[in-house]
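**Student:** Sending over a structure as structure tokens; questions will come in a sec.
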Ligand code: HEM
């Protein structure tokens, strides 16, 4: 057995401060010395490293986002730098096996988000068996990993079949998204019965999480498609500098602030009157893989680029204003400017919480980058959120000359996991 499970924490002195953390020796199992040295070389204190120990205080180090709560983390919580989003097809037809999977997933997610290894860890306690954890996150910090879980329409009904006895529990808001003008959707990059959005500041931590969940799912669910994202294109923390998208513009200026509980209750969280009861405190997620015609964009004049958005490129200020946060004068923008069309004043007050990421997935074989925005939006009801917004944008937005929607999915994201006795989707199966 690795020493990881025998000696778990000790106090480490750093610059006069005392922080409780896993001891260096705690990491020295078979091969553990290399891991500890690698981590030290990476500049971290041993205190913040992943270990198999439940007693390691990763969550107290300010680097782990709490997993348990009224709402799932990864929606209103601060946006991390990296994304690995995965949609799964459920392959089992057995309801009990599906429930067991969700219980196992939840237990693994609680551990990984706290910076722990899955199960008995990457070294494990039996060398004759494959270890529970795949190991590539050993020595890495929790990196603010959040894992956000959702269920797609196919879980309730597929090919006319009520596969798991859930058909009557399908929320009315979990619609099949309509076809929008100019959509060019690839079925292989769309849909899914389940989804997990993994966000972290370290890409390896996000990928490790999805990989381990996929591994646990073997024989019960399989990845249908997944998407890596490298640069956040949104912000839920208005004080932070707004990131830029692949078109070079600040993206996320006017998003819902993750600390604005009134706005979250109004626009993001499902309320008691909305129903169904199992979704109260949850939200609806729309994901769209939006490819950008980067090469065309890069040959477009700065004036045209700024007209397309209705904001300037350097500062992100709305037309006629000086600062990014100045109130936009929509009438000063071109009628087909993206911001003018998407602004709540043009849409009966509709607001969505955007949480997208940039992607670049190599080239398309024709010498063009396969790059764009993996758009993610959360809302209380897509019928009063993404659907009317996108209906308008798809028809009128000047941006359409430079983008194309190539993937699409919708998921109902249940409320948060309350405690260790709760699990993803428990209220749905109750
Ligand atoms: C590749 C596609 C897209 C790009 C590059 C893009 C880019 C931008 C940029 C640069 C802004 C201005 C800064 C800001 O307030 O965040 C913005 C605002 C916004 N976008 Fe997009 N966007 C895209 C797709 C979409 C889609 C599909 C929707 C919804 C269906 C959407 C909804 C919004 C909303 C609601 C705003 C804020 C408007 C306001 O309140 O002023 N965007 N977008």
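Every read-out reported here was derived from the displayed coordinates using simple, explicitly stated rules and does not represent laboratory data. Quick caveat, the model's predicted, so the values are computed rather than measured. Cβ placement follows ideal geometry from the backbone for every residue including glycine, while neighbour counts extend to all protein chains displayed.
**Student:** Going by average Cβ neighbours within 10 Å, how do the peptides 136-143, 267-274 rank, with the highest at the top? Don't skip to the answer; put the middle values down first.
**Tutor:** Working: 136-143: 23.5, 267-274: 17.4.
In decreasing order of mean packing, 136-143, 267-274 become 136-143, 267-274.
**Student:** At q = 0.09, 0.14 Å⁻¹, what base-10 log of I(q)/I(0) does the Debye formula yield for the chain when every alpha carbon is treated as an equal point scatterer in vacuo?
**Tutor:** Values returned for q = 0.09, 0.14 Å⁻¹ are -0.60, -1.29.
**Student:** So how far apart, in nm, are the two label points at residue 321 and residue 261 if each is 7 Å from Cα heading toward Cβ?
**Tutor:** Going by the 7 Å Cα→Cβ label model, 2.8 nm.
**Student:** Can you sort 427, 301 so the residue with the fewest Cβ neighbours within 10 Å comes first?
**Tutor:** Neighbour counts put them in this order, fewest first: 301, 427.
**Student:** What relative contact order, as a whole-number percentage, does the chain give when Cα pairs under 8 Å and 6 or more residues apart are counted?
**Tutor:** Working: 964 pairs, mean separation 86.8, N = 430.
For the chain, the relative contact order is 20 percent.
**Student:** Can you tell which of 235, 408, 259 shows the greatest fluctuation in a Gaussian network model of the chain with Cα springs below 10 Å?
**Tutor:** Between 235, 408, 259, it is 259 that shows the largest mean-square fluctuation.
**Student:** Let me ask something else. Could you put 68, 402, 357, 378 in order, starting from the residue whose Cβ has the fewest other Cβ atoms within 10 Å?
**Tutor:** Listing 68, 402, 357, 378 from fewest to most nearby Cβ atoms yields 68, 402, 357, 378.
**Student:** Can I ask one more? Can you tell me the 0 to 90 degree angle between the C-alpha axis of helix 32-41 and the longest principal axis of the chain, rounded to 10?
**Tutor:** Its long axis makes an angle of about 50 degrees.
**Student:** Ignoring everything except DSSP H segments at least 4 long, calculate the 222 nm mean residue ellipticity for the chain; use -39,500 (n - 2.57) per segment, divide by total residues, nearest 500. It would help to have the intermediate numbers written out before the result.
**Tutor:** Numbers: 9 runs with 84 residues, N = 430.
The helix contribution divided over the chain gives -5500 deg cm²/dmol.
**Student:** In degrees from 0 to 90, rounded to the nearest 10, what is the angle of the helix 386-396 Cα long axis to the longest principal axis of the chain?
**Tutor:** Approximately 40 degrees, to the nearest ten.
**Student:** To test your reading of the geometry: what angle, between 0 and 90 degrees and rounded to tens, separates the Cα axis of helix 95-113 from the longest principal axis of the chain?
**Tutor:** Tilt relative to the chain: about 80 degrees.
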